[in-house]
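Asker: Have a look at the structure that comes next, please.
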Amino acid sequence: MASDQKFVDFIIDQFNYSGRVTFKKMFGEYGLYFDDKLFALVCDNKLFVKPTSSGRAYIIDVVEAPPYPGSKNQFLIEEQLEDQDWLKKLLDITVAELPDPKPKKKK
């Protein structure tokens, strides 16, 4: 089941980073970016955040699941979706630990 644009808009609003959190549609689902750094996926109207050690320590009771069949497990965020402060802190922690995106090769 593809994700709903309204759910993606809700998640973007919850992160409360005016213009810095964006999305790209991918195969009926969505990738979430902070500036140019992919940090999460929205699949089947569920939020999956890339796993990091700092994120794991912050979440404490981590639930992991694959966002789509055959993918690696990511942090499944469900109960905290309404908590803007908690989500923003998770975003800050995650993005700080993720590597910068590799520069694209020129053709």
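Just so you know, all these numbers are worked out from the coordinates, no wet-lab data involved. Predicted model, so just to flag it, every value in this text is computed and none were measured. Please note: Cβ atoms are built from the backbone with ideal geometry, for glycine as well, and neighbour counts cover all protein chains shown.
Asker: So how far, in whole Å, is the C-alpha centre of region 58-91 from the one of region 1-25?
Answerer: Distance between centres, Cα-based: 15 Å.
Asker: Taking the Cβ of each residue in Phe34, Phe48, Phe27 as the centre, tally the other Cβ atoms inside 10 Å and list the residues starting with the fewest.
Answerer: Phe27, Phe34, Phe48
Asker: Okay, moving on. Which length gain, in nm to one decimal place, applies between Ala57 and Asp9 when the Cα-Cα distance is subtracted from 0.36 nm times their residue separation?
Answerer: Gain on stretching Ala57 to Asp9: 14.6 nm.
Asker: Please identify, among Glu78, Glu29, Glu64, the residue showing maximal mean-square fluctuation in a Gaussian network model of the chain using a 10 angstrom Cα cutoff.
Answerer: In this elastic network of the chain, the residue with the biggest mean-square fluctuation among Glu78, Glu29, Glu64 is Glu78.
Asker: For the chain, what does the alpha-carbon gyration tensor say about shape, rounded, prolate or oblate, given a ≥ b ≥ c as the root eigenvalues, a/c under 1.5 as rounded, and a/b over b/c as prolate?
Answerer: It comes out rounded by the Cα gyration axes.
Asker: Computed FRET efficiency, Cβ-Cβ of Gln84 and Lys106, R0 30 Å: what is it to the nearest 0.05?
Answerer: 0.15
Asker: Among rounded, prolate and oblate, which fits region 21-68 when a ≥ b ≥ c are the square roots of the eigenvalues of its C-alpha gyration tensor, a/c under 1.5 means rounded, and a/b larger than b/c means prolate?
Answerer: Since a/c reaches 1.5 but b/c is at least a/b, the shape of region 21-68 is classed as oblate.
Asker: Determine the shape class of region 9-48: with a ≥ b ≥ c the square roots of the Cα gyration tensor eigenvalues, call it rounded for a/c under 1.5, and otherwise prolate if a/b is greater than b/c, oblate otherwise.
Answerer: oblate
Asker: To continue, here is another question. Starting from the Cα of Lys72, step 7 Å along the direction of its Cβ; do the same at Asp35; then give the gap between the two resulting points in nm.
Answerer: 2.2
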